[in-house]
Amino acid sequence: MANGTLNVTFSISSTDLFNCITLNKTVTDALVIDGTNRQGITTMVTASGSYLDINIEALAGSAAAGKKAYIYAKNTDLVDDLIFADDGDQIFAMLSPGEFMFYPTCDNTKVQVKSSANTPTVEFLLLEVS
Amino acid sequence: MATVNVSLSLSSTDLFAKQTINFTETDSLSPAGDQMLVGRLITTATNAFDNIALKAIDGTNDRFYIFMHNTSTTSGEHVKIGLCQTHGTDSASGDLFAQLAPGEFLFMPIGSSSPGSQDLDIQPSSGTPVVEYILMEKATA
């Protein structure tokens, strides 16, 4: 599988978070995707009981801390939270309705998600790095 | 209450033969906690842990937004990001959830009902890369 490139841009701004400074920052990056597991934009209905894996196969790359993949996820629901946990069921992120995240996961064979209640939908993209 | 606007754009024409990635997400955040930080940290040493919060994150489920950027341009200067269950303590091996290669960034709403997320720490794999970050606590206790 040929390498691909993911272009990412993130911007953050605020005029009233601080009195003495204004926030206005944009960062960009061109990420090389060379892993064996590429999952395009996917939606999945979650539940509040057991976790569901968002990765189809175990993350296995050896780069740096290992098992690295870029993950975008969004909570498309209007009411309930999404709860993300690592391969040890340790919770590390909580997305309120409408919130999103983008990060390079590592050191875990899987990323799991469940809802705080009901069946909100998670939208995600997962791109493994070898 | 302050308003923080964030946007994320992802695009690619060569990841998939039949799917082009091209979208932008935006959100308007309203962090209301009692800890808001803009920081620039020269990491201490290879494999040393540096905490980023000034005090314990509190509020229900210890929730906060974090933007973090590894500004290094030196190959191999990765930084590992770990969840600190208690402020003032280092993360353990099972608490590692992200790593930033030189130039990489992350944006996440952190939170944990178990085991807790009162802080994050940064551990460089090599050198002393500089990490910039914005931490915004979501709510007070």
Average beta carbon contacts from partner chains per residue of B:19-27, 10 Å cutoff:
4
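What percentage of all Cα-Cα pairs in the range A:1-78 are separated by more than 15 Å?
Numbers: 2183 of 3003 pairs.
Value for the range A:1-78 (Cα pairs over 15 Å): 73 percent.
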Shape parameters for chain A, alpha-carbon atoms, Rg then Dmax in Å
16.0, 50
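Of B:LYS55/B:LYS138; A:LYS114/B:LYS55; A:LYS74/A:LYS114; A:LYS25/B:LYS18, which sit over 24 Å apart, Cα to Cα?
Working: B:LYS55/B:LYS138 14 Å; A:LYS114/B:LYS55 29 Å; A:LYS74/A:LYS114 13 Å; A:LYS25/B:LYS18 33 Å.
Beyond 24 Å between Cα atoms: A:LYS114/B:LYS55; A:LYS25/B:LYS18.
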When the Debye formula is applied to the Cα atoms of the range B:17-93, each taken as the same point scatterer, what base-10 log of I(q)/I(0) results at q = 0.20, 0.26 Å⁻¹?
-1.07, -1.43
Kindly write out, for the range B:135-141 in residue order, the coupling ³J(HN,Hα) from the Karplus curve 6.51 cos²θ - 1.76 cosθ + 1.60 (θ = phi - 60°), rounded to whole Hz, with x marking Gly and Pro.
10, 9, 5, 7, 7, 7, 5
Using per-residue counts of other Cβ atoms within 10 Å, averaged over each peptide, order B:117-129, B:40-52 from highest down.
B:117-129, B:40-52
Let me check I've understood the local charge: for A:GLU99, count other residues with C-beta under 14 angstrom from its C-beta, Lys and Arg +1, Asp and Glu -1. What total comes out?
-3
Among A:123-130, B:84-91, B:22-29, how do they line up from the highest to the lowest mean number of other beta-carbon atoms within 10 Å?
A:123-130, B:84-91, B:22-29
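Throughout, read-outs are computed from the coordinates displayed, never taken from laboratory work. What you are looking at is a predicted structure, and each value in this text was computed from that prediction instead of being measured. All Cβ positions, glycine included, derive from the backbone under ideal geometry; neighbour counts span all protein chains shown.
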